[in-house]
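The values are calculated or read from the model by the stated rules, or taken from the named source; none is laboratory data. It should be emphasised that the depicted structure is a prediction, and the values quoted were computed from it without experimental measurement. We place every Cβ from the backbone using ideal geometry, glycine too, and count neighbours over all the protein chains shown.
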Amino acid sequence: MYNAKYKRVMLKLSGEALAGEKGYGIDFDVTKKIAEEIKSLVDMGVEVGAVVGGGNIWRGRSGEGMDRTTADYMGMLATCINGLALQDSLENIGVNTRVQTAIEMKEVAEPFIRRRAMRHLEKNRVVIFSAGTGNPYFSTDTTAALRAAEIEADVILLAKKVDGVYDKDPHKYDDAKKFDKLNYIEVLEKGLQVMDSTATSLCMDNSIPILVFGLDNPENIRKAVMGEKIGTLVSKE
Ligand code: UDP
């Protein structure tokens, strides 16, 4: 049965999403739940690319006093650890998965080769893009935007700790208002916390819609793909 709204998706998970309540490291009960939701997409015939952040282990900006480039490479390596963890959880439940890295480490995972990634997706393998863009001074949000453009994904599913985009921090302000939809310019002008501006601009230039939703309930991944009204949609309109 195939009734999903999108045929090919790019799922962006922050590193924190893998840490669960602990807030640090990897919680394998959480990765298992996420893997099960991804499996349900694959079972529907949806092609899934994924980018996982690294913030649960290391972020470039954690390296105060460090050389920025070195700190960023540490962050990129952190995304590889997370990518392998998610691959393991997916393969444990029978989902064929490939990790492709932007920095070559071929004993560990395949290097990123776009045509190969496309072929994996066509064969219903989940492809996890790790090591970010391979460049310092970028983020994994930008990686998700770049890889989404490269693999011609229909949408970026941006799973966050909050359930959409608000005009101010909903954890701090009771009267924070959630947006149902926004356009890219509004996000950039209002400085809203969706993706960083490099990533948002890349999505705008390539007309890639971004659906922001909460990962508090991993079932939201499936709801998002089924076109159920959740979160905030950022697009041209
Ligand atoms: N990073 C980088 N280049 C990239 C992607 C990531 O240098 O193309 C580094 C950067 O230091 C970043 C870290 O990897 O802080 C982890 O990624 P990110 O902060 O985006 O993870 P998230 O916040 O999504 O967990």
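Structural remarks
- Taken as a whole, region 77-86 holds at least one residue that is buried (at least 16 other Cβ atoms within 10 Å of the Cβ) and closer than 18 Å to Asp43 by Cβ.
- Note on region 203-225: residues that are part of a loop (DSSP other than H, G, I, E, B), modelled with pLDDT under 95 and crowded, with 16+ Cβ neighbours inside 10 Å total 2.
- Residue check, Ala176 out of contact with any Cys (no Cβ under 9 Å at 6 or more places or on another chain), away from the ligand (no atom under 14 Å from the Cβ) and in a helix (DSSP H, G or I): no
- Single condition Arg98 does not satisfy, out of (1) modelled with pLDDT of 95 or more; (2) closer than 19 Å to Gly134 by Cβ; (3) within 11 Å of the ligand (Cβ to nearest atom): (3)
- Within region 165-219, the set of residues being among the small types (Gly, Ala, Ser), over 24 Å from Tyr6 (Cα atoms) and in contact with a strand residue (DSSP E or B) (Cβ under 7 Å, 6 or more places away or on another chain) comprises Ala176 only.
- Within region 8-39, the residues that satisfy the criterion of being surrounded by 18 or more Cβ atoms within 10 Å (Cβ to Cβ) and hydroxyl-bearing (Ser, Thr, Tyr) are Ser14, Thr31.
- Considering each residue of region 108-130 in turn, none proves to be assigned to a loop (DSSP other than H, G, I, E, B), modelled with pLDDT under 95 and either crowded, with 16+ Cβ neighbours inside 10 Å or in contact with a Lys or Arg (Cβ under 7 Å, 6 or more places away or on another chain) (or both).
- Residue tally, condition touching a helix residue (DSSP H, G or I) at 6+ places or on another chain (Cβ under 7 Å), under 17 Å from Val155 (Cα atoms) and either more than 16 Å from the ligand (Cβ to nearest atom) or assigned to a helix (DSSP H, G or I) (or both), over region 38-54: 5
- When region 1-35 is limited to residues that are basic (Lys, Arg) and touching a Leu at 6+ places or on another chain (Cβ under 9 Å), the one that is nearest to the ligand (Cβ to nearest atom) turns out to be Lys12.
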